[in-house]
Amino acid sequence: MNKLISGVSLAALGCMVSGIAHADRFDDTFDGRTGTTGVIVYGVMNVDLDNVRTTHNGVGINVTRENSNSSRIGFLGMEDLGGGMSAIFQLEGKVGVNNGSGALFARETFVGLAGNFGAAKLGNMDPPIDEIKNIVGNSTTFMTSILSTEAILNNNSGDAFGASNAGKNNGFPVMNDTMPNSVKYETPVFGGVYGSAMYSHLANQGVGLVPHAVGANIVYAGGPNKIAVATSHDTSVFGSGLSDQVVTVAGSTIFGPMKVGLTYSRQSADFVGGTVHRNYWAASGTYSIGVGKIFAYYGKAGNGSLDNPGLSQTGASFYELSYSYLLSKRTTLYTGYVKINNQANATYQIGVNGISGGSTDAGTSVSGFIMGMRHTF
């Protein structure tokens, strides 16, 4: 059960689990009450057994593991300040359910003000581009794990990649990670339209190197239809004066038991020898059968081409098929299969819980099968 402090009741776990995406929905978490003061304790336990196969240095790798996927515990609070304004905060930490590890408040953690103007927040927060993933990705089935559809789209290659090589796909940085030292503004909803903007002053700055990132999104949600545009831009993160940027457009619609979505993304990254550009598109479908959901996804990354001639055949294809079954409103069982087919010079890996210890060989495939359980409280 949810732990309620100060007599506050909980209405929407989803708002807490993914962070507070829209300012005027923060109050919805407190059962739509105005003038509410209180704290909610919440959590997610998501553990799986998976098997992942790939090739490294010409040797086939076949690994079976137990993993904890974005499991967390958090505190969400609001204090009525009068005049339609509230103080808000969130403290959220990582929990390694499979091995008892964790990181205190390493996930979204912020303090801010909310009112008719929207919300302004300071802290460690997800960028605006991360907030649109539920439109076409598998967040509708609560899947992170090896099933994460962010693997190629946002280059979330888990802990498998340490190197960045100009002209290759893994020369692109991850653009949707939680960012420290951030200032974020979230608008109210105007006729189904809302958005957010964020500035982050990143760590590890040195002499002449002041890394920072900016991002924004705008979303329209009307009935069964959603469409969003989001962008992220960083400067001097990987070298003085070098920049990386991404623009993503996503849309989805629901008819009957079926949800379908499309996305397109354009990413570029500066290197001393030039700028690498890459296009990505994907299609997804979620079909509800009773209390279960079937999810299918196909994504395609093009070549990462340098302004001056670079490598070709650096694209990849991503396939996923999964099924989730609700035992209750708070408990889900799931299973699924994922596969990445790399072109001759591509080395894409699983997005979450990739195989550590080195990258997959260029031109080889990566595949995985999973069974897991997710419980919220």
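Using the 2.2 N^0.38 Å rule of thumb for compact globular proteins, work out how the stretch 65-147 stacks up: its C-alpha Rg over that value, please. Mind showing how you got there, number by number?
On the way: Rg = 15.6 Å, N = 83, 2.2 N^0.38 = 11.8 Å.
The value comes to 1.33.
Using a 1.4 angstrom probe with every protein chain in place, what is the largest-first accessible-area order of 121, 94? Intermediate values should be presented prior to the final figure.
Working: 121 5, 94 110 Å².
The residues order as 94, 121, largest area first.
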**Item:** Viscosity 1.567 mPa s, temperature 4 °C, Stokes-Einstein D of the stretch 327-377 from Kirkwood C-alpha radius, µm²/s
**Value:** 100 µm²/s
**Request:** Please work out how much accessible surface residue 289 shows to a 1.4 Å probe, ignoring ligands, DNA and RNA, in Å² rounded to 10.
**Result:** 90 Å²
**Prompt:** Relative to the present Cα-Cα distance, how much length would full extension add between residue 122 and residue 104 at 0.36 nm per residue of separation?
**Reply:** 4.7 nm
**Message:** Beyond 18 Å, how much of the Cα-Cα pair distribution for the stretch 215-283 remains, as a whole percent?
**Reply:** 50 percent
**Request:** Please list 190, 271, 255 in order of solvent-accessible area, largest first, computed with a 1.4 Å probe with all protein chains present.
**Result:** 190, 255, 271
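Provide the per residue accessible area, probe 1.4 Å, for the stretch 102-154, rounded to a whole number of square angstrom. Provide the component values of the computation, followed by the final result.
Values: 1650 Å² over 53 residues.
About 31 Å² of surface per residue is accessible.
The values are calculated or read from the model by the stated rules, or taken from the named source; none is laboratory data. Model, not experiment: these values are computed from the prediction. Note: accessible area is taken over every heavy atom of the protein model, side chains too, but ligands, DNA and RNA are not part of it. Shrake-Rupley method; radii C 1.70, N 1.55, O 1.52, S 1.80 Å.
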